[in-house]
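> Right, I'll just put the structure down here and ask away after.
We did not get these values from a lab; they are worked out from the coordinates using the rules stated. Given the structure is predicted, the values throughout are model-derived calculations rather than measurements. In this analysis, Cβ positions are derived from the backbone assuming ideal geometry, glycine residues included, and neighbour counts consider all displayed protein chains.
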Amino acid sequence: MPLDFDLEHAARPPARADFGIGIVGAGFVVRDLHLVAYRKAGFRVLAITDLDPDRAREVARLHEVPRVPANVEELLEDPDIEVVDVAVPPDSQPAVLRRVLERGRGIRGVLAQKPLALTLGEARALVEGYERAGIALAVNQNMRWDPSIRALRTLLQRGWLGEPVLATIEMRAPRRYAGWKRRSDRLTLPVMSIHHLDAFRFLFGEPESVWASARTDPRADFPHTDGIVLYVLEYASGLRAAALDDVYAGPVLEGAAADSFVRWRVEGTEGMARGAVGWPAWPNVVPSTLDFTLRSQPGVWFSPRWREAWFPDAFAGTMGELMDALATGRSPAIGGRDNLHTLALVEACYRSLAERRAVRVDEIAAAGSP
């Protein structure tokens, strides 16, 4: 069969890219990822605010953002701002999102970080509030815009791999714990694993059930539920999608040699694909990779390559998706209602950990999820 090697690995530009953007939060993810990607994409960032005004001014100066409001309320009073990008810690985000609902009279869309909230119930209340207000709420599930994951989805949609049989993600990436992370007993599933749970949904749809197992991270010297986490999603088709999220990765922060990576693999009845995600090398920008082999092309590995990387390029994809949805009058693919399904998987994993069994996702649905 003829092979088209345009695997649609990069986000398409939105139908309209000139919405005025106001940003709440001036930490690392905004300074080094959002604003770098937005400038590259030509997005129009008008204002940034932060609890630390000096930090907001420094980031504004670095990225030529013209306005630095004193607080969220002042940012929301700016008539030129149509889209709000909220990038604050997850234990603070719901309060900011509620302030946008209360005060953001001219706001058309909001991009929130993931997790949308630390509990499914609070996330659901936010989604319903935004639906009532008619404001589009999107969640920054940016692994969907990693180039290797988007290219893999193209392979699957074209049927080149046949029926998916087994999919795996292995992450080895040590974490440090400070700030809000030390205030939560939920460390890995809602912050790190949520990328992989959402990527599995993006690639394969909704699973029937999930098995999860976890142990504490020996580096985290405070009480917590999930450190190193393993889980298996069970699909009605027979597909099994499994991940190992190792946030310890050995005593590398204490002096041992590092071996950090994120790798994925999908085996199908007609082909197999494997990939590596480059973000563990950050601040070095390392493009993600994809290799695949097909029954129809015996003995050959295909290895398309590109310049784009998850960090920072994927962050233009999520904001671009929200702006395209606003321009075309549709719901964003990463909308809040869709994201409740990803959060339901997080909750199913926690129930599986607590009860040491497979948990059907509809058990969470029966408790009030989407």
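> Using Cα-Cα distances under 8 Å and only pairs 6 or more residues apart, what relative contact order does the chain have, in percent? Let's see the in-between values first.
On the way: 771 pairs, mean separation 74.6, N = 370.
Across the chain, relative contact order equals 20 percent.
> Rank Ser296, Ala348, Gly205 by how far each Cα sits towards the positive end of the charge dipole of the chain (+1 on Lys, Arg Cβ; -1 on Asp, Glu Cβ) and give me just the farthest.
The Cα lying farthest towards the positive end belongs to Ser296.
> As a test of understanding, state the convex hull volume per residue of the range 1-143 from its alpha carbons, in Å³. Kindly include the intermediate steps, with their values, before the conclusion.
On the way: hull volume 19.8 nm³, N = 143.
Dividing the Cα hull volume of the range 1-143 by its residue count gives 139 Å³.
> I want to make sure I understand the PRE zone here: with the label point 7 angstrom from the Cα of Asp91 toward its beta carbon, which residues in the range 201-244 have backbone N atoms less than 13 Å away?
222-224, by backbone N distance to the label point.
> So, how do all the Cα-to-Cα distances of the range 317-370 break down into 10 Å bins, in percent, from 0 on up?
25, 35, 22, 16, 2
> Related question: For the ranges 29-35, 172-178, what's the packing order if you count other beta-carbon atoms within 10 Å of each residue, average per peptide, and put the highest first? Let's see the in-between values first.
Values: 29-35: 22.9, 172-178: 15.3.
Per-residue mean Cβ counts within 10 Å order the peptides as 29-35, 172-178.
> Within 10 Å, count the other beta carbons around each residue, average over each peptide in 191-199, 277-285, 311-319, and list them highest first.
Values: 191-199: 24.2, 277-285: 16.8, 311-319: 25.9.
Descending mean neighbour count gives 311-319, 191-199, 277-285.
> Can you list which of the DSSP-assigned H helices in the chain have a Cα extent of 18 Å or more along the long axis and an average Kyte-Doolittle score of at least -0.5? Intermediate values should be presented prior to the final figure.
Details: long enough: 120-133 (20 Å, -0.31); 310-328 (27 Å, 0.47); 336-355 (28 Å, -0.11).
For the chain, where a helix must reach 18 Å along its axis and average at least -0.5, the hits are 120-133, 310-328, 336-355.
> Using 1/(1 + (r/R0)^6) with R0 = 41 angstrom and r between the beta carbons of Asn71 and Ala281, what's the FRET efficiency to the nearest 0.05? Numbers along the way, then the final one.
Details: r = 36 Å, r/R0 = 0.89.
Result of the calculation: an efficiency of 0.65.
> What is the order of Leu322, Leu253, fewest Cβ neighbours within 10 Å to most?
On the way: Leu322 27, Leu253 13.
In order of increasing Cβ crowding within 10 Å: Leu253, Leu322.
> For every helix of n ≥ 4 consecutive DSSP H residues, a contribution of -39,500 (n - 2.57) applies; sum these over the chain, divide by its total residues, and give [θ] at 222 nm rounded to the nearest 500 deg cm²/dmol. Walk me through the intermediate numbers first.
Values: 10 runs with 116 residues, N = 370.
That calculation yields -9500 deg cm²/dmol at 222 nm.
> When DSSP beta bridges are limited to those with both residues in the chain, what percentage is antiparallel, rounded to the nearest 5?
Details: 37 of 62 bridges.
Counting DSSP beta bridges with both partners in the chain, the antiparallel share is about 60 percent.
> Can I ask one more? Quick check of the Kirkwood formula: for the range 76-163, what is the inverse mean of 1/r over all pairs of different Cα atoms, in Å?
Values: mean 1/r = 0.0682 Å⁻¹.
Value: 14.7 Å, from the Cα pair sum.
> In percent, what relative contact order does the range 6-66 have, based on Cα pairs under 8 Å that are 6 or more apart in sequence?
Numbers: 56 pairs, mean separation 22.0, N = 61.
This gives 36 percent for the range 6-66.
> How big is the range 45-120 by the Kirkwood estimate over distinct Cα pairs, in Å? Mind dumping the intermediate values first?
Working: mean 1/r = 0.0777 Å⁻¹.
Its Kirkwood hydrodynamic radius stands at 12.9 Å.
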